[in-house]
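Worksheet: the structure to be examined is printed underneath.
Nothing in this text is a laboratory measurement; each read-out follows from the coordinates by a stated rule. In this text, all values refer to a predicted model and were calculated from it rather than measured experimentally. Note that each Cβ is placed from the backbone with ideal geometry, even for glycine, and that neighbours are counted across all protein chains shown.
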């Protein structure tokens, strides 16, 4: 799955990512609900609503190709309108081999996520909780993949994500043009291995693939 060019329709998304018609139809339902709910809840920037397939669906789906082949348990932090977590859950539903957990503390956004899951017929855990709360950590434990988009600068993101890491966990973060400065700040307090991949939706943005996260010890 390697999209080339701009993805501006269900058909071009299906062709680019090699998904089934059923998965495409689920995303069409998702897009319709997003436009409907946007009228009363600010789910995405209004200027991006007409560009859902590229700005939101393709931006989220580009992470799928980086997943470890044996990754089963996924955690999406601060899911908002479901990007990237709900899109990845819909992609994962094709093979029914992945378990997706979306954490969103805003009750209205969590309600939107539940409605999309219901309407598309996918199984996903949606937790209306704060990521950093001890009860959230106990409920989720460690996971295979962690995702986030536009949630926080990398140092803060690593702080909230760290409790969910195990030795094999891969984090996939969609970051903007300031990613180099964020990494420079993050390494002051954390050790980790990482790679940067170009974004398919924004030439200045990057996908951060991060593993082996450990806090630095004083002294």
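The table that follows gives values for the structure above.
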{"item": "Dimensions (Å) - the stretch 98-205, Cα atoms, principal axes, largest first", "result": "40, 33, 25"}
{"item": "Length released on extending from residue 72 to residue 150, taking residue separation times 0.36 nm less the Cα-Cα span", "result": "25.7 nm"}
{"item": "Debye log10 I(q)/I(0) for the stretch 17-71, one point scatterer per Cα, at q = 0.26, 0.29, 0.30 Å⁻¹", "result": "-1.09, -1.20, -1.23"}
{"item": "Ranked 165, 13, 66, 173, criterion: other C-beta atoms within 10 Å, fewest first", "result": "66, 165, 13, 173"}
{"item": "Choice from 43, 170, 27 with maximal GNM fluctuation in the chain (Cα, 10 Å cutoff)", "result": "43"}
{"item": "Quotient of Cα Rg and 2.2 N^0.38 Å for the stretch 27-154, N being how many residues it contains", "result": "0.99"}
{"item": "Centroid-to-centroid separation of the stretch 150-210 and the stretch 49-88 [C-alpha atoms, Å]", "result": "15 Å"}
{"item": "Theoretical ellipticity at 222 nm over the chain - DSSP helices of four or more residues, -39500 (n - 2.57) apiece, nearest 500", "result": "-9500 deg cm²/dmol"}
{"item": "Rounded tilt (10° steps) of 107-120 against the dominant C-alpha axis of the chain", "result": "50 degrees"}
{"item": "For peptides 150-163, 193-206, 70-83, sequence by mean Cβ density within 10 Å, most packed first", "result": "70-83, 150-163, 193-206"}
{"item": "Per-pair calculated FRET efficiency, R0 = 22 Å: residue 106 and residue 47 via Cβ, rounded to 0.05", "result": "0.60"}
{"item": "Length added when fully stretched, residue 25-residue 6, from 0.36 nm per residue minus Cα-Cα", "result": "4.9 nm"}
{"item": "Cα shape, the stretch 54-98, gyration tensor, a/c 1.5 rule", "result": "prolate"}
{"item": "Nitroxide proxy distance, nm - points 7 Å out along Cα→Cβ at residue 211 and residue 114", "result": "3.7 nm"}
{"item": "Space enclosed by the convex hull of the alpha-carbon atoms of the chain, per residue, Å³", "result": "116 Å³"}
{"item": "Theoretical gain in end-to-end length, residue 187 to residue 130 [0.36 nm per residue, Cα-Cα removed]", "result": "18.0 nm"}
